[in-house]
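Enquirer: Please read through the structure below; I'll follow up with questions.
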Amino acid sequence: MSAPARRPVAVVSFAQARNVRREASRNEVELLMPVVSEVFAAIGASKDDMGFICSGSTDYLVGGPFSFVTALDAVGVWPPRAESHVEMDGAFALYEAWVLMQEGAIDAALVYSFGRSSPGDVTEILALQLDPYVTAPLWPSPVALAALQAQALIDAGEATEEELAEVAARNRSAARANPNAQVVSDASPEELLADEYVVAPLRRHALPPITDGAAAIVLAAGEKAREWRERPAWITGIDHRIETHALGCRDLTRSPSTALAAERAGLFEGPPVDLAEVHAPFAHQELIVRRALELGDAVTVNPSGGALAANPVMSAGLIRIGEAAARIWAAESERAVAHATSGPCLQQNLVCVLDASDGAVVGGGA
Amino acid sequence: MAERCAVVGVGQTLLRSKRDDVSIPGLVREAAKAALADAGVGWDDIDAVVIGKAPDMFEGTMMPELSLAPALGAVGKPMFRVHTAGSVGGSTALVAAHLVAAGIHERVLTVAYEKQSDSDAMWALSVPQPFSAPLLAGAGGYFAPHIRAYMRRSGAPEHIGRIVAVKDRLNALKNPYAHLHLPDIDLKMVEESVMLWDPLRYLEACPSSDGAAAMVLASEGALGSPAFPPAWVHGMAMRSEPTMFAGRDQVSPRAGRECVADVFGQAGVTRPREQIDVAEVYVPFSWYEPMWLENLGFAEPGEGWKLTESGATAMDGDIPWNCSGGVLSSNPIGASGMLRFLEAAMQVRGQAGEHQIDGARLALGHAYGGGSQFFAMWVVGAAKP
Amino acid sequence: MSGAEAGTQPVTVLETPIHLDYVFTPGIAQSIFLRGLARGVFLGQRCPTCGKVYIPSRGSCPVDGVATDEVVELPDTGIVTTYCVVNVPFAGQAVEIPYTCAQVLLDGANISFMGLIQEVPADQVRMGMRVEAVWVPPDELGPSLASVKYFRPTGEPDALYESYEEYL
Ligand SMILES: [Zn+2]
């Protein structure tokens, strides 16, 4: 497959709120405002430099309609701006901004997202994502659905409870180096296996925390990117794919949508990645995504601690892209892949390939 | 760098107060299948699906695109969900058009819907917020004070709103898909309808509808053999501004003025009243026609109502607005903006049937949302740009 | 209808009651406003960049995107910039219809907020009318807009249209 050449666009700035179990004093605007100002300050840019603004969030987490409308007040969209919103993870908002930038008229864009899981019962709320006729009325919790998937993986002989504990231990220990992480731990896999089951075969450690958070990224094209960041993280390919919603029609042990998005994003062309930030809220999902992305043992996975260390719903995917980009800026990675997921049991997946060089810009779509 | 993009297929459902004959997947499929048939393509020819709707609470489902993926043939494809309040139907179409213009995809299906009867939209809009006194009553209560401000600012006489209410409902009689079909409508009937949010009467407000709209957008190389000629996208733009801030012009928001300047600039439109043959503009309350006539530059500030009064915006006028009956005749909220974009395309493709403006070559589609703060517009034409 | 016949009929309605509880976080800025209401005073906040006074502030100046951290006490008086008369019954309505719902611009504020107008027939409410807040009795004051019973005319001459035109 030969993809047409794409305009080089890079992630040049990233900021996130400190991830916490419950943000008790600040509202969405107050949560976002310092994040937005930090993402600009880090590169000496301002909102006036942004040709486009796009955000991702969902009303059901907040409990009221149009929550994204007031959140916009954190940016100060005056004079009026080209602006849009997706009821999706911020990673998809980034995708929309990247698409518009491909047309050449926009050189910089602000992407942000916010998600607070603490105001309501997130396990009840996420049940409303399910088919409203036959599944949602049963109110299955996302943990139960993830447990189905984990059990399928174990039954297929492709994972053990020990491996789940290893994933959790590695992520939460890596999170020690992440000042924004919510859950950090030095517990060994053996110690973690003493946890009780929440929903078998998932023990406490295999679950993501409940998190309030927010994040922002600045994308820039060509020379603008080099002006703002010495070593920009060029998006050499980005793509997303969805699977059927009916869990019974899926092989839950595989993530074909991740694999397809990765292929279309050009992940399997060119040199292998050395780093991955995957959005796997449940420990076993990291194993599934790793396989779909064909990540070898040499690849550093989730140096940030991933979604097991902090899982601000609607922002956790965007944060993966920011974390991966930050490693490229810091020359800790030459080529990285970031992944975001949405829906029950990894139904929808986005893959973004980032490179220290803009020579390999290929992928996305077609 | 941008590729040319055209509308090659349109589809809409019957717009009704209650579509309990179909589920939500059934509703969106009805529109999507019609659009595919009109484009002469099948599900396999679609590269990506972009869907939009207004707040999820309207139906009590969260991120419904996840469960709708199979019904829209999106499995294995990119599926994208837009939400920009009332303008969402328009901005959804724009996101789809950008996927083509940016050269990412060759053929994109875009869908927007609302099934308001599945839940209580009035409730969803008025979820009680703690610490505040519930005073508003739906969107009308929000917009009526701005209408009053327009009347004061322009000196417009109070019958202007009624003219729009009658005109759009008479147009709707020519549109079999329209929700309201009121053959007996006249100025007196509007004047005698109940006052809801003074100065706004019942028949000056939009209905609450179920319905969906869909379009197939294609690149120049993937036009195929549609049933009607393509409607080429000549310009597209989105603009947003904050809901409230000190000194905000809520009658003629700057975001609307700058959005139309952008879209007309791209399309080479300098004298809209002469160059635009027909417009589908988001008018959920009668008075928004004269207000948007001014905001969109079809009339000087304070003069929009005179255009309405003169009959210029009627189907036989020189700048027909909302020949389909507009939002005043059908309001499936999330789809309402896309219907404006779609109807504009139908006009330049010559497929609008009884409400067709003969020889329409260039048309404006317009949507707005939130507190008159989110704008999405496109200009489509019969000629290749 | 027999059981067999019923089995062939399409299901057209399925009821799924949804009840979700949320903890609402007004935020730092709105909390200042609400605590003011609990004392019977209007507390606005000034933007350090443009100097405009917001009431209530949601935390930022929507134009500049910066925190409005200077607290400004505002008087009980202001003007009606525009209004509508609500005749629509809806769930949770606090007042008997018809009632006048107005945008009230407090003296010294740069933004209006929605308030109920009483002690004047709906057809005598005017744009530019001077009004003052009527608070609930001190023992009923709380951190809610319900602390403001309503606004009523002061009887002063109306404000000139030009003086509030930019707030419409
Ligand atoms: Zn300011």
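Enquirer: Going by what's in this entry, would C:VAL104 be described as more than 16 Å from the ligand (Cβ to nearest atom), closer than 18 Å to C:PRO157 by Cβ and touching a residue at least 40 places away in the same chain (Cβ under 8 Å)?
Expert: Details: more than 16 Å from the ligand (Cβ to nearest atom): yes; closer than 18 Å to C:PRO157 by Cβ: yes; touching a residue at least 40 places away in the same chain (Cβ under 8 Å): yes.
Taking the combined requirement at face value, the residue satisfies it.
Condition check ((1) touching a Leu at 6+ places or on another chain (Cβ under 7 Å); (2) more than 14 Å from chain A (Cβ to nearest Cβ)) across all residues:
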site	(1), (2)
B:GLU30	no, yes
B:ALA37	no, yes
B:VAL49	yes, no
B:GLY52	no, no
B:ASP56	no, no
B:THR61	yes, no
B:LEU66	no, no
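Enquirer: Give A:ASP59, A:ASP73 a once-over and let me know the one that is within 13 Å of chain C (Cβ to nearest Cβ), under 19 Å from the mean Cα position of the chain (by Cα) and closer than 24 Å to B:VAL95 by Cα. Show your work before the answer.
Expert: Working: A:ASP73 fails: under 19 Å from the mean Cα position of the chain (by Cα).
Going through A:ASP59, A:ASP73 in turn, the sole match is A:ASP59.
Enquirer: Going by the structure shown, is A:PRO232 in contact with a strand residue (DSSP E or B) (Cβ under 9 Å, 6 or more places away or on another chain), at pLDDT 95 or above and crowded, with 19+ Cβ neighbours inside 10 Å? Quick ask: steps written out before the conclusion?
Expert: Values: in contact with a strand residue (DSSP E or B) (Cβ under 9 Å, 6 or more places away or on another chain): yes; at pLDDT 95 or above: yes; crowded, with 19+ Cβ neighbours inside 10 Å: yes.
Yes; evaluated as a whole, the condition is true for this residue.
Enquirer: In addition: A:ALA24: under 30 Å from B:ALA261 (Cβ atoms) and either away from the ligand (no atom under 16 Å from the Cβ) or open to solvent by 10 Å² or more (accessible area, probe 1.4 Å) (or both), yes or no?
Expert: Values: under 30 Å from B:ALA261 (Cβ atoms): no; either away from the ligand (no atom under 16 Å from the Cβ) or open to solvent by 10 Å² or more (accessible area, probe 1.4 Å) (or both): yes.
Against the criterion (under 30 Å from B:ALA261 (Cβ atoms) and either away from the ligand (no atom under 16 Å from the Cβ) or open to solvent by 10 Å² or more (accessible area, probe 1.4 Å) (or both)), A:ALA24 does not qualify.
Enquirer: Now a separate question. Test each condition in (1) within 10 Å of another protein chain (Cβ to nearest Cβ); (2) within 16 Å of the ligand (Cβ to nearest atom); (3) among the hydrophobic types (A, V, I, L, M, F, W, C) for C:MET127 and report the one that comes out false.
Expert: Tallying (1) within 10 Å of another protein chain (Cβ to nearest Cβ); (2) within 16 Å of the ligand (Cβ to nearest atom); (3) among the hydrophobic types (A, V, I, L, M, F, W, C), C:MET127 fails exactly one: (2).
Enquirer: What is the residue count in region C:56-68 for residues that are of a type in the set (Ser, Thr, Tyr) and either within 8 Å of the ligand (Cβ to nearest atom) or not in a strand (DSSP E or B) (or both)? Spell out the reasoning first.
Expert: Looking only at region C:56-68, we keep the residues that are of a type in the set (Ser, Thr, Tyr), and these are C:57, C:60, C:68.
Add one more test, that the residue is either within 8 Å of the ligand (Cβ to nearest atom) or not in a strand (DSSP E or B) (or both), and what stays is C:57, C:68.
Adding up the residues that qualify gives 2.
Enquirer: If a residue must be farther than 19 Å from B:GLU343 by Cβ and of a type in the set (Val, Ile, Thr), how many such residues does region B:178-234 contain?
Expert: Here the count works out to 3.
Enquirer: Would you check if there is a residue in region A:120-131 being within 24 Å of B:THR61 (Cα to Cα) and in contact with a strand residue (DSSP E or B) (Cβ under 9 Å, 6 or more places away or on another chain)? Let's see the steps before the verdict.
Expert: The initial filter retains those residues of region A:120-131 that are within 24 Å of B:THR61 (Cα to Cα), namely A:120-131.
Filter again for in contact with a strand residue (DSSP E or B) (Cβ under 9 Å, 6 or more places away or on another chain), leaving A:129.
Yes; the residues of region A:120-131 include at least one that is within 24 Å of B:THR61 (Cα to Cα) and in contact with a strand residue (DSSP E or B) (Cβ under 9 Å, 6 or more places away or on another chain).
Enquirer: Restricting region C:107-117 to residues that are at pLDDT 95 or above and open to solvent by 20 Å² or more (accessible area, probe 1.4 Å), which is nearest to B:ARG248 (Cα to Cα)?
Expert: Step by step, filter region C:107-117, then rank; the result is C:ASN110.
Enquirer: Something else about it: Taking the condition of being in a helix (DSSP H, G or I), among the hydrophobic types (A, V, I, L, M, F, W, C) and closer than 13 Å to B:THR92 by Cβ, how many residues in region B:335-385 meet it?
Expert: Quick first cut of region B:335-385, residues in a helix (DSSP H, G or I) only: B:335-349, B:353-355.
Filter once more, so that each one left must be among the hydrophobic types (A, V, I, L, M, F, W, C): B:335, B:338-339, B:341-342, B:344-346, B:348.
Subsequent filtering for residues that are closer than 13 Å to B:THR92 by Cβ retains B:335, B:338-339, B:341-342.
The qualifying residues number 5.
Enquirer: Go through region A:76-115 residue by residue and tally those that are among the acidic types (Asp, Glu) and under 18 Å from the mean Cα position of the chain (by Cα).
Expert: Of the residues in region A:76-115, the ones among the acidic types (Asp, Glu) are A:83, A:87, A:89, A:96, A:103, A:107.
Then drop every residue that is not under 18 Å from the mean Cα position of the chain (by Cα), which leaves A:87, A:89, A:96.
Counting residues in region A:76-115 that are among the acidic types (Asp, Glu) and under 18 Å from the mean Cα position of the chain (by Cα) gives 3.
Enquirer: If you don't mind, there's one more thing I want to ask. So which residues in region C:82-101 are in contact (Cβ under 8 Å) with a residue 24 or more places away in the chain, among the polar types (S, T, N, Q) and touching an Asp or Glu at 6+ places or on another chain (Cβ under 9 Å), if there are any at all?
Expert: Hit for region C:82-101 is C:THR100, nothing else.
Enquirer: Hey, can you tell me all the residues within region A:97-112 that are in contact with a helix residue (DSSP H, G or I) (Cβ under 6 Å, 6 or more places away or on another chain), within 13 Å of chain B (Cβ to nearest Cβ) and either open to solvent by less than 10 Å² (accessible area, probe 1.4 Å) or in a loop (DSSP other than H, G, I, E, B) (or both)?
Expert: Selection gives A:VAL99, A:GLU103, A:ILE106, A:ASP107, A:ALA109.
Residues checked against (1) open to solvent by 40 Å² or more (accessible area, probe 1.4 Å); (2) within 14 Å of another protein chain (Cβ to nearest Cβ); (3) aliphatic (A, V, I, L, M):
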position: B:SER193; (1), (2), (3): no, yes, no
position: B:VAL216; (1), (2), (3): no, no, yes
position: B:ALA222; (1), (2), (3): no, yes, yes
position: B:PRO230; (1), (2), (3): no, no, no
position: B:VAL233; (1), (2), (3): no, yes, yes
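Enquirer: Restricting region A:117-130 to residues that are farther than 12 Å from A:ASP59 by Cβ and not aliphatic (A, V, I, L, M), which is surrounded by the most Cβ atoms within 10 Å (Cβ to Cβ)?
Expert: Step one: list which residues in region A:117-130 are farther than 12 Å from A:ASP59 by Cβ, which gives A:117-118, A:121-124, A:126-127, A:129-130.
Still in the list and also not aliphatic (A, V, I, L, M): A:117-118, A:121, A:123-124, A:129.
Details: A:SER117: 23, A:SER118: 20, A:ASP121: 15, A:THR123: 15, A:GLU124: 16, A:GLN129: 25.
Within region A:117-130, the match that is surrounded by the most Cβ atoms within 10 Å (Cβ to Cβ) is A:GLN129.
Enquirer: A further question follows. So, in region C:34-50, of the ones that are without any contact (Cβ under 8 Å) to a residue 60 or more places away in the chain and more than 12 Å from C:ASP69 (Cα to Cα), which residue ends up farthest from the ligand (Cβ to nearest atom)?
Expert: At the first step, the residues of region C:34-50 found to be without any contact (Cβ under 8 Å) to a residue 60 or more places away in the chain are C:36, C:41, C:43, C:45-50.
Adding the requirement that they be more than 12 Å from C:ASP69 (Cα to Cα) leaves C:36, C:41, C:50.
Working: C:GLY36: 20, C:VAL41: 23, C:CYS50: 3 Å.
Among those that are without any contact (Cβ under 8 Å) to a residue 60 or more places away in the chain and more than 12 Å from C:ASP69 (Cα to Cα), it is C:VAL41.
Enquirer: Would you confirm whether or not region A:45-52 contains a residue that is more than 14 Å from chain C (Cβ to nearest Cβ), farther than 23 Å from C:LEU20 by Cβ and in a loop (DSSP other than H, G, I, E, B)? It would help to see each step written out before you state the result.
Expert: Kept after step one, since they are more than 14 Å from chain C (Cβ to nearest Cβ), are these residues of region A:45-52: A:51-52.
Narrowing further to those that are farther than 23 Å from C:LEU20 by Cβ: A:51-52.
Filter once more, keeping what is in a loop (DSSP other than H, G, I, E, B): A:51.
So far as region A:45-52 goes, yes, one or more of its residues are more than 14 Å from chain C (Cβ to nearest Cβ), farther than 23 Å from C:LEU20 by Cβ and in a loop (DSSP other than H, G, I, E, B).
Enquirer: Right, here's the next one. Any residue in region B:239-261 that's open to solvent by 30 Å² or more (accessible area, probe 1.4 Å): show its pairings with residues that are basic (Lys, Arg) and away from the ligand (no atom under 16 Å from the Cβ) at Cβ separation under 6 Å, as long as the two are six or more apart or on different chains.
Expert: Note: pairs meeting the criteria are B:GLU258/B:ARG239.
Enquirer: A further question follows. Just a yes or no: is a residue in region B:72-93 more than 7 Å from chain A (Cβ to nearest Cβ), modelled with pLDDT under 95 and assigned to a helix (DSSP H, G or I)?
Expert: Residues of region B:72-93 that are more than 7 Å from chain A (Cβ to nearest Cβ), as a first pass: B:72-73, B:86-90, B:92-93.
Those still in the list that are modelled with pLDDT under 95 too: B:86.
Right, trim to assigned to a helix (DSSP H, G or I) and you get none.
Checked region B:72-93: no residue is more than 7 Å from chain A (Cβ to nearest Cβ), modelled with pLDDT under 95 and assigned to a helix (DSSP H, G or I).
Enquirer: Restricting to region B:256-277, give me the number of residues that are in contact with a helix residue (DSSP H, G or I) (Cβ under 8 Å, 6 or more places away or on another chain) and closer than 16 Å to B:PHE375 by Cα.
Expert: 4
Enquirer: A follow-up question, please. How many of the residues making up region C:9-34 are more than 13 Å from chain A (Cβ to nearest Cβ) and under 27 Å from C:ASP76 (Cα atoms)?
Expert: Step one: filter region C:9-34 for residues more than 13 Å from chain A (Cβ to nearest Cβ), giving C:9.
Subset that is under 27 Å from C:ASP76 (Cα atoms): none.
Within region C:9-34, residues that are more than 13 Å from chain A (Cβ to nearest Cβ) and under 27 Å from C:ASP76 (Cα atoms) number 0.
Enquirer: Count, please, the residues in region B:335-354 that happen to be in contact with a helix residue (DSSP H, G or I) (Cβ under 6 Å, 6 or more places away or on another chain) and either farther than 19 Å from B:MET236 by Cβ or open to solvent by 10 Å² or more (accessible area, probe 1.4 Å) (or both).
Expert: Going through region B:335-354, the residues in contact with a helix residue (DSSP H, G or I) (Cβ under 6 Å, 6 or more places away or on another chain) turn out to be B:335-338, B:341, B:352.
Adding the requirement that they be either farther than 19 Å from B:MET236 by Cβ or open to solvent by 10 Å² or more (accessible area, probe 1.4 Å) (or both) leaves B:352.
Adding up the residues that qualify gives 1.
Enquirer: Name every residue in region A:235-259 that is among the small types (Gly, Ala, Ser), more than 8 Å from every other protein chain (Cβ to nearest Cβ) and either assigned to a helix (DSSP H, G or I) or open to solvent by 40 Å² or more (accessible area, probe 1.4 Å) (or both), in order of residue number.
Expert: A:GLY248, A:ALA259
Enquirer: Related question: Given the condition open to solvent by 40 Å² or more (accessible area, probe 1.4 Å), within 16 Å of the ligand (Cβ to nearest atom) and farther than 30 Å from B:VAL194 by Cα, answer yes or no: does some residue in region C:8-20 qualify?
Expert: From region C:8-20, those open to solvent by 40 Å² or more (accessible area, probe 1.4 Å) are C:8-19; that's our starting set.
Restricting the remaining residues to those that are within 16 Å of the ligand (Cβ to nearest atom) gives none.
For region C:8-20, residues open to solvent by 40 Å² or more (accessible area, probe 1.4 Å), within 16 Å of the ligand (Cβ to nearest atom) and farther than 30 Å from B:VAL194 by Cα: absent.
Enquirer: Evaluate region B:306-317: report whether one residue or more is in a loop (DSSP other than H, G, I, E, B), closer than 18 Å to B:VAL166 by Cα and charged (D, E, K, R). Walk me through it before giving the result.
Expert: Residues of region B:306-317 that are in a loop (DSSP other than H, G, I, E, B), as a first pass: B:311-317.
Going one step further and asking which of them are closer than 18 Å to B:VAL166 by Cα, we end up with B:311-317.
Subsequent filtering for residues that are charged (D, E, K, R) retains B:316.
Yes: region B:306-317 contains one or more residues that are in a loop (DSSP other than H, G, I, E, B), closer than 18 Å to B:VAL166 by Cα and charged (D, E, K, R).
Enquirer: Here's a follow-up. From the list C:VAL86, C:VAL53, C:VAL71, exactly one residue is within 15 Å of the ligand (Cβ to nearest atom) and either more than 14 Å from chain A (Cβ to nearest Cβ) or of a type in the set (Lys, Arg) (or both). Which is it?
Expert: Working: C:VAL86 fails: within 15 Å of the ligand (Cβ to nearest atom); C:VAL71 fails: within 15 Å of the ligand (Cβ to nearest atom).
One residue alone meets the criteria, C:VAL53.
The values are calculated or read from the model by the stated rules, or taken from the named source; none is laboratory data. Here the structure is a predicted model, which means the values were calculated and not measured. Virtual Cβ from ideal backbone geometry, glycine too; neighbours counted across all protein chains shown. The protein model used for the area step is the full one, side chains on, heavy atoms only, and it has no ligands, DNA or RNA in it. Shrake-Rupley method; radii C 1.70, N 1.55, O 1.52, S 1.80 Å.
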